[in-house]
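For reference, the structure discussed in these notes is given below.
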Amino acid sequence: QEFPLKVKDGALSYIEDSKGNRILDFSYCGYRSSEQAIPDVKNQVFVSWSAGDNTARIQKAIDYVSSLSPDKTGFRGAVLLGKGAFELDGSLMISASGVVLKGMDKERPFY
């Protein structure tokens, strides 16, 4: 069996196996394909942790920030989730550009 990764001219290439399976390339995931730092966007709404399904609470915050006008950089603002593991029984939808969803670790916010 052939190794699924090859390096040629300093670049990785992903080789498919006989069934067409290959390693997924996530190297361009993230904000601006991970080529730029994540901007510091102003928090507009803070959602504290609560037991149970938090889908509606977080969606309401996202919808509010989505209704705001973008600033000169194109951002409407951020929804900051407090510390904790938030249970979601449904999906969240961000339908406007310029909305950021942030979480917190024990020390500080993160994206």
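Brief remarks on what is shown
- Selected from Gly20, Gly84, Gly74 as most flexible by GNM, with the chain as the system and alpha-carbon contacts under 10 Å: Gly20
- Candidates Ile15, Ile38, Asn54 compared by Cα position along the dipole of the stretch 1-60: farthest toward the positive end lies Asn54, with charges placed on Cβ.
- The chain: calculated mean residue ellipticity at 222 nm from DSSP helix runs of at least 4, using -39500 (n - 2.57): -3500 deg cm²/dmol
- Within the stretch 8-111, GluC sites (Glu not before Pro) in DSSP loop having at most 16 other beta-carbon neighbours inside 10 Å: Glu16, Glu35, Glu107
- Order of Asp63, Asp9 under a 10 Å beta carbon neighbour criterion, fewest first: Asp9, Asp63
- Residue exposure sequence - Arg32, Arg22 - by fewest surrounding Cβ within 10 Å: Arg32, Arg22
- Whole-number percent relative contact order across the chain, with pairs defined as alpha carbons under 8 Å at least 6 apart: 21
- Computed from the alpha carbon positions, the gyration tensor of the chain leads to an equivalent ellipsoid with semi-axes of 36, 19, 14 Å, biggest first.
- Remark: the stretch 43-56, residue by residue, has Karplus-estimated 3J(HN,Hα) of 6, 9, 9, 10, 10, 7, 5, 8, 5, x, 5, 10, 4, 5 Hz, where x stands for each Gly or Pro and the curve is 6.51 cos²θ - 1.76 cosθ + 1.60 at θ = phi - 60°.
Only the coordinates and a few stated rules stand behind these numbers; no lab work does. Since we're looking at a predicted model, the values are computed, not measured. So basically every Cβ, Gly included, is an ideal-geometry build from the backbone, and we count neighbours across all protein chains shown.
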